[in-house]
Structures are given as C-alpha cells and as structure tokens.
Amino acid sequence: HEQLQPGIASCVHLLDLDVSWNRWGACKASVQSLVASLASLRALQSINLSFSGVGAGMGPDGITLLAEALGECKDLRRVNLEENNMGAGGMEGLAKVLRAGKLPRLESLDIAGNILGPRGAESMARVLGSGCCARLKSLNLARNVFESQGMAALAKVMDHCPRLAYLNMAGEKISRQ
C-alpha cells in the first residue's frame, strides 16, 4: 500500500497499472498514496483498480479523489473500477471528471457491480449524452441495480456513443418502458 507510492511514482513511463483484487482501497492512506503516485504517471494508458474496495474504505469521497487523480492521466484509454462500492455518490464524482473532458482518450470503462442505482445511471447518462466520451468502445455497466428509471435514462443517450462496440448490462432488469 503506501510503501509502493515512491516506487510506482518513479515509473514515469508506465503504461499499464494493475492493482486489482487486493482490497488496498479500504485503507485511506493507501488511496491517498496511489492518488499521489498517479500525478507522476502521465504516460499511463490502462489502470485496473477492480475489487479494490475504494468506496468501501472511503465512501464516495474516495472514488471522487481517485477520479480526479485519474483525470490528470490524459492518455488513459482503459479504466476498470469494477466492484468498488461506488454507489451513486461515487459515480457522480467520476461523472464530474468525465463531463469535464479530463479523459479525452477513454475507450473502455468498466464500472460493473458498483450498486449505482437509478441515480448513478442518470449520472452516467448525462456523461454519455454530453458527448465527452465519443471515443468509448467498451462500457461495462453490469450488476448496478439501475431499475427501469436508470435504464430508460441510459437508453435515451446511446446514440451519443458512435464507436461503442461492447455494452454489458448483464443483471439489469430491462422492461418495455
């Protein structure tokens, strides 16, 4: 966790970082350490933070802090935040960074299993509807309990994703509404 910060920060040419499946996010100091490291990783193109527990450890503020740091990595193309207990509040923090155009090269976003609910789906719909993710090719929204309201909001903006080739909404209840 925080001991890795100086080492990771010195890898200024790092393209791909995978710190998934280790629950480091449950520790506030570890999240702050990774956030500090990201400032040095300007070449980073892919980051996998899945199953890290950031939202469980710090709540929506942890996700927002992490999203803001990711927004400084302008070359990021792939972001995996699957199963991080984001909730709607954490999604709003990520949405703010995306709507600001801070990840202009983003091609793949995985936010599956974060229990975003209808409010989180509406935040994501505002992101997609803004056109700021026009390069997006892959979007994993599975297992987020969007319900009919959230699914309807997302359905209305899918035409703003001209390059989308993969969309996962597994585990969502899709109605005819």
Environment charge of R126, counting only residues whose C-beta is closer than 14 Å and scoring Lys/Arg +1, Asp/Glu -1: +2
Span from the the stretch 28-71 Cα centroid across to the the stretch 81-160 one, whole angstrom: 17 Å
To the nearest Å², the heavy-atom accessible area per residue of the stretch 17-156 with 1.4 Å probe amounts to 37 Å²
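Could you check how much of the accessible area of the chain is carbon and sulfur, as a whole percent, using a 1.4 Å probe? Please report the intermediate quantities before stating the final value.
Values: 4300 of 8130 Å².
Here it works out to 53 percent.
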Please sort 70-77, 15-22, 99-106 by packing, taking for each peptide the average over its residues of neighbouring beta carbons within 10 angstrom, highest first. 70-77, 99-106, 15-22
Summing +1 for each Lys or Arg and -1 for each Asp or Glu, what net charge is found among the other residues whose Cβ lies under 9 Å from the Cβ of R135? +3
For Cα Rg over 2.2 N^0.38 Å, which listed value, (1) 0.98; (2) 1.16; (3) 1.10, comes from the coordinates shown? (1)
Computed magnitude of the charge dipole of the stretch 21-177 (debye, nearest 20; Cβ of K, R +1, Cβ of D, E -1): 320 debye
So between R119 and W21, what do we pick up on full extension, going 0.36 nm a residue minus the alpha carbon distance? 32.6 nm
Given only helices, namely DSSP H runs of n ≥ 4 each adding -39500 (n - 2.57), what is the per-residue ellipticity at 222 nm of the chain, to the nearest 500 deg cm²/dmol? -12000 deg cm²/dmol
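The values are calculated or read from the model by the stated rules, or taken from the named source; none is laboratory data. If you're wondering where the values come from, they're calculated on a predicted model, not measured in any experiment. Glycine gets a Cβ as well: all are built from the backbone with ideal geometry, and neighbour counts include every protein chain shown. Note: areas computed on protein heavy atoms with side chains; ligands, DNA, RNA excluded. Shrake-Rupley method; radii C 1.70, N 1.55, O 1.52, S 1.80 Å.
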